[in-house]
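Asker: Mind having a look at this structure? Questions to follow.
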Amino acid sequence: MPRPVLLIAGGGRGIGAATARLAGERGYDVAINYLSNAAAAARVADAVKKSGGNAVTLPGDMAKEDDILRVFDEAARALGPITHFVHSAGIGGKNSRLDAASAATIREVIDVNLFGALICAREAVRHMSTAHGGNGGSIVLLSSIAAVTGGATEYVFYAAAKGGIDALTNGLAREVAKEGVRVNAVRPGPTDTEIHESGRLARITPMLPMGRPGQPNEIAEAVLFLLSDAASYISGAVLNVSGAR
């Protein structure tokens, strides 16, 4: 039986990298997209291979449609039909109140976190949906607890983009429910990754209900559950993995 094929947008770092490593341990072949850090992506690919899986690294800007289309096509050519997809490409942007944010910052955050996710989700459906000749599959999008809290004084624009991810999850799940594709999202709370501006995580940790941030592997566990057949009747769900935040 062929191994499932997972493409991860933003798989070279943070939650995406943790998801790739865990997926390799659980029997997936993994295509790891990255923007610029080829060495980090290669280390993730090596970890997948050590677990017995096949892995490829694919550079590409997940805010650009042409790059997204190429990455999907290259992943399928290298590993076989894509059966699972995770969108973990994201940026926080320069922290500020909305009235202090530049249009360039807002645009960049929306392009990477929401526009790119929409195009990626579209392509995942085109590869997986039985309506497009696929055999079905599972999509997991990374939202954020900021979609609930609003990100006031720090990044309302980021929170707004992640609110869009929640809406995308809900709507797309309904569109493709009869086409063999499940669509879910995970809302991480503050997690120990490089997306945070310098010093932010240390500053907010005392205010977190558990007194600590999440670890990437803790988020990856939830992602792998939603990808898996154990979640076969879960679609359109947005799961908080936020330490009670």
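The values are calculated or read from the model by the stated rules, or taken from the named source; none is laboratory data. The model shown is predicted, which means the values in this text are computed figures rather than measured ones. Virtual Cβ from ideal backbone geometry, glycine too; neighbours counted across all protein chains shown.
Asker: Mind checking which residues of region 23-44 are surrounded by fewer than 22 Cβ atoms within 10 Å (Cβ to Cβ) and under 16 Å from residue 220 (Cα atoms)?
Answerer: Across region 23-44, the qualifying residues are 25, 26, 27.
Asker: Which residues, taken from region 82-104, are aliphatic (A, V, I, L, M) and farther than 17 Å from residue 68 by Cα?
Answerer: The answer is 98, 100, 101, 103, 104.
Asker: Still on this structure, I have one more. For region 177-192, what are the residues that are aliphatic (A, V, I, L, M) and surrounded by 23 or more Cβ atoms within 10 Å (Cβ to Cβ)? Walk me through it before giving the result.
Answerer: Going through region 177-192, the residues aliphatic (A, V, I, L, M) turn out to be 177, 181, 183, 185-186.
Answer for region 177-192, where residues must be aliphatic (A, V, I, L, M) and surrounded by 23 or more Cβ atoms within 10 Å (Cβ to Cβ): 181, 183, 185, 186.
Asker: Which residue, of 174, 122, 126, is among the charged types (D, E, K, R), out of contact with any helix residue (DSSP H, G or I) (no Cβ under 6 Å at 6 or more places or on another chain) and within 19 Å of residue 74 (Cα to Cα)? Steps first, please.
Answerer: Details: 174 fails: within 19 Å of residue 74 (Cα to Cα); 126 fails: out of contact with any helix residue (DSSP H, G or I) (no Cβ under 6 Å at 6 or more places or on another chain).
Criteria check complete, one pass: 122.
Asker: Which of (1) assigned to a helix (DSSP H, G or I); (2) at pLDDT below 95; (3) over 22 Å from residue 17 (Cα atoms) does residue 245 not meet, given it meets every other one?
Answerer: Of the numbered conditions (1) assigned to a helix (DSSP H, G or I); (2) at pLDDT below 95; (3) over 22 Å from residue 17 (Cα atoms), the odd one out for residue 245 is (1).
Asker: Of all residues being of a type in the set (Gly, Ala, Ser) and farther than 21 Å from residue 170 by Cβ in region 81-113, which is surrounded by the fewest Cβ atoms within 10 Å (Cβ to Cβ)? Just the residue, please.
Answerer: Taking the candidates together, the pick is 103.
Asker: Exactly one condition in (1) in contact with a strand residue (DSSP E or B) (Cβ under 7 Å, 6 or more places away or on another chain); (2) crowded, with 23+ Cβ neighbours inside 10 Å is false for residue 116; which is it?
Answerer: (1)
Asker: Going by the conditions given, is residue 77 over 19 Å from residue 165 (Cβ atoms), surrounded by fewer than 18 Cβ atoms within 10 Å (Cβ to Cβ) and free of Cβ contacts under 8 Å to residues at least 24 places away in the same chain?
Answerer: It is true that residue 77 is over 19 Å from residue 165 (Cβ atoms), surrounded by fewer than 18 Cβ atoms within 10 Å (Cβ to Cβ) and free of Cβ contacts under 8 Å to residues at least 24 places away in the same chain.
Asker: Turning to a different aspect of this structure: Just to check your reading of the model, which residue among 222, 202, 160 is closer than 28 Å to residue 37 by Cα, of a type in the set (A, V, I, L, M, F, W, C) and exposed (fewer than 14 other Cβ atoms within 10 Å of the Cβ)?
Answerer: 202 is the lone residue from the list that is closer than 28 Å to residue 37 by Cα, of a type in the set (A, V, I, L, M, F, W, C) and exposed (fewer than 14 other Cβ atoms within 10 Å of the Cβ).
Asker: Same structure again: State whether one or more residues within region 8-22 are in a strand (DSSP E or B) and not basic (Lys, Arg).
Answerer: Yes, the conditions are met somewhere in region 8-22.
Asker: While we're looking at this one, here's another question. Say we look at region 176-203 and pick out the residues that are of a type in the set (A, V, I, L, M, F, W, C) and modelled with pLDDT under 95; which of these is nearest to residue 89 (Cα to Cα)?
Answerer: The residue in question is 195.
Asker: Now for a separate question. Keeping to region 70-108, report how many residues are part of a loop (DSSP other than H, G, I, E, B), farther than 27 Å from residue 130 by Cα and within 20 Å of the chain's Cα centre (by Cα).
Answerer: Of all residues in region 70-108, those part of a loop (DSSP other than H, G, I, E, B) come to 80-83, 88-97, 101-102.
Now drop any that are not farther than 27 Å from residue 130 by Cα, which leaves 90-97, 101-102.
When the remaining residues are screened for being within 20 Å of the chain's Cα centre (by Cα), the result is 90-93.
So the count comes out to 4.
Asker: With respect to residue 163, is the statement that it is within 25 Å of residue 3 (Cβ to Cβ), touching a helix residue (DSSP H, G or I) at 6+ places or on another chain (Cβ under 9 Å) and not hydrophobic (A, V, I, L, M, F, W, C) true?
Answerer: When the stated conditions are applied, residue 163 does not pass them.
Asker: Among 46, 67, which is more than 22 Å from residue 186 (Cβ to Cβ), without any contact (Cβ under 8 Å) to a residue 24 or more places away in the chain, touching a Gly at 6+ places or on another chain (Cβ under 6 Å) and in a helix (DSSP H, G or I)?
Answerer: Being more than 22 Å from residue 186 (Cβ to Cβ), without any contact (Cβ under 8 Å) to a residue 24 or more places away in the chain, touching a Gly at 6+ places or on another chain (Cβ under 6 Å) and in a helix (DSSP H, G or I) holds for just one of 46, 67, which is 67.
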